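Peer 1: Before I ask anything, here is the structure I am working with.
The numbers here are math on the coordinates, done by the rules we state, and not lab data. Keep in mind that this is a model prediction, so the values were computed, not measured. So basically every Cβ, Gly included, is an ideal-geometry build from the backbone, and we count neighbours across all protein chains shown.
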Amino acid sequence: MAAPITLYQFELCPFCHKVKAGLEVKGLAYDKIEVNPMNKKELPPGLPEDAPKKVPVIKFADGELVYDSTDILHALEAKHPERPFTPADAARKARSDEVEAWVDDTFAQALPTVIYGTWGEAVTAAQVTARTSNFGFVQNIGVRAGGSLIMHQISKRILKRNGRGPKDGRAWVREEVERFEGWLGSDAFIGGEDPSLGDVAMHGALTCVQDFPIFAELMQRPALKGWYDRVQARRG
């Protein structure tokens with residue numbers, strides 16, 4: 001029997017992992033449909049004409065379609081208020097919203113530089129795509145080879161646009177993680193005693209790179225690993 005929620009996603013998209021983290025923190029069952037990032041043909045019909053042709057998209061049991069990772073998480077909170085990730089405390093909520101926005105605007109933008117930044121990372125990305133996709137043979141080859149090549153070039157442009165050298169991806173990610181640890185301080189979660197929207201967003205972003213060398217490096221940081229494991233324990 002199909003789950004009541006369907007997530008249209010691409011496995012190497014941090015915004016999709018953000019949504020998965022939200023679903024799992026809430027304990028919600030869902031089905032996944034992998035979307036070809038080259039042609040997006042798996043996206044569901046019924047999206048507004050002005051909706052961007054990108055993932056994530058969620059389809060709820062009543063047929064409602066919601067796109068944009070932040071809007072999806074707000075919709076999940078409204079439809080499934082159990083296990084809330086909106087802190088009751090106003091200051092905690094403001095910090096959670098700040099962290100979530102930072103993940104979207106800054107941290108997630110740095111991640112392609114450690115997913116596709118080197119040829120070795122691009123090969124790993126192709127292997128992850130092959131392992132997780134449900135595309136046909138020709139499509140799979142195109143996404144693995146062409147997609148990884150394109151993203152390798154894009155990662156270079158991202159670094160240049162942010163005033164960084166071609167090998168600065170890991171250093172950039174480490175700097176941003178230090179900022180997150182500063183926000184976290186000695187608390188269990190950004191949200192206090194329970195995961196918040198900010199925790200969900202950051203955990204999803206980190207999970208996106210779990211197959212890449214940067215993840216093992218970051219998990220050597222005791223504060224970050226302790227937090228990561230605590231959120232992981234709340235997922236599912």
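Peer 1: Can you work out ³J(HN,Hα) from phi for every residue in region 32-44, in order, using Karplus 6.51 cos²θ - 1.76 cosθ + 1.60 and θ = phi - 60°, giving whole Hz and x for Gly and Pro?
Peer 2: 10, 10, 7, 9, 5, x, 7, 10, 6, 5, 7, 4, x
Peer 1: Right, another one. May I ask you to derive the FRET efficiency for ALA223 and ALA101 from their Cβ-Cβ distance with R0 = 25 Å, giving the value to the nearest 0.05? Walk me through the numbers before you get to the answer.
Peer 2: On the way: r = 22 Å, r/R0 = 0.87.
With a Förster radius of 25 Å, E is 0.70.
Peer 1: A further question follows. Give a residue-ordered list of calculated ³J(HN,Hα) values for region 224-229 (Karplus: 6.51 cos²θ - 1.76 cosθ + 1.60, θ = phi - 60°; whole Hz; x for Gly, Pro).
Peer 2: 5, 5, x, 5, 4, 5
Peer 1: Mind checking the log10 I(q)/I(0) for region 12-125 at q = 0.10, 0.12, 0.19 Å⁻¹? Debye, one equal scatterer per Cα, no solvent, two decimals.
Peer 2: Each listed q maps to, in turn, -0.36, -0.51, -1.16.
Peer 1: Let me ask you something else. Rank PHE189, PHE215, PHE107 by mean-square fluctuation in a GNM of the chain with C-alpha springs under 10 angstrom and give only the top-ranked residue.
Peer 2: PHE215
Peer 1: Please give the contour-minus-distance gain from TRP119 to ARG161: 0.36 nm per residue of separation, less the Cα-Cα distance, rounded to one decimal in nm. Kindly include the intermediate steps, with their values, before the conclusion.
Peer 2: Numbers: separation 42, 0.36 × 42 = 15.12 nm, distance 2.02 nm.
Roughly 13.1 nm would be gained on extension.
Peer 1: Can you tell me the relative contact order of the chain? Whole percent, Cα pairs under 8 Å, sequence separation 6 or more.
Peer 2: 29 percent
Peer 1: While we're looking at this one, here's another question. Name the long-range amide H neighbours of LYS32: under 5 Å, sequence gap of 5 or more, or other chain; modelled H, no Pro or chain starts.
Peer 2: Correct list: LEU7.
Peer 1: In whole Hz, with x marking every Gly and Pro, tabulate ³J(HN,Hα) for region 88-99 from phi via Karplus 6.51 cos²θ - 1.76 cosθ + 1.60, θ = phi - 60°.
Peer 2: Here the 3J(HN,Hα) series is 6, 6, 4, 5, 5, 5, 4, 5, 4, 5, 5, 5 Hz.
Peer 1: If you average the sequence gap of Cα pairs under 8 Å that are 6 or more apart and divide by the length of region 6-79, what percent do you get for the contact order?
Peer 2: Across region 6-79, relative contact order equals 36 percent.
Peer 1: Could you quote the convex hull projected area for the chain, Cα atoms only and averaged over all directions, in nm²?
Peer 2: Details: hull surface 52.4 nm².
Averaged projected hull area, Cα only: 13.1 nm².
Peer 1: In terms of modelled amide H atoms, which long-range or inter-chain residues lie less than 5 Å from the amide H of LEU43?
Peer 2: When sequence neighbours closer than 5 places are left aside, there are no close amide H contacts.
Peer 1: Here is a further query. Given the Cα-Cα distance of ALA216 and SER186 and 0.36 nm per residue of separation, how much length would full extension add, in nm? Spell out each step's value before the answer.
Peer 2: Details: separation 30, 0.36 × 30 = 10.80 nm, distance 2.21 nm.
Once the chain is fully extended between ALA216 and SER186, it gains 8.6 nm.
Peer 1: Same structure again: Quick check: pseudo-label points 7 Å beyond the Cα along Cα→Cβ at ALA61 and LYS79, how many nm apart are they?
Peer 2: With each label placed 7 Å out from Cα toward Cβ, I get 1.0 nm.
Peer 1: For LYS156, list the aspartates and glutamates whose Cα falls under 16 Å from its own Cα; do not include residues on the same chain fewer than 8 positions away.
Peer 2: Partners within reach: GLU121, ASP168.
Peer 1: Which of the lysines could a cross-linker bridge to LYS18, judged by Cα under 20 Å and excluding same-chain residues fewer than eight apart?
Peer 2: Cross-link targets: LYS26, LYS32, LYS40, LYS53, LYS54, LYS59, LYS79, LYS93, LYS225.
Peer 1: Further, regarding this structure: Between LYS40 and ASP89, what FRET efficiency comes out of the Förster formula 1/(1 + (r/R0)^6) with R0 = 41 Å and r the beta carbon distance, rounded to 0.05? Don't skip to the end; give the middle numbers.
Peer 2: Working: r = 40 Å, r/R0 = 0.97.
The computed FRET efficiency comes out at 0.55.
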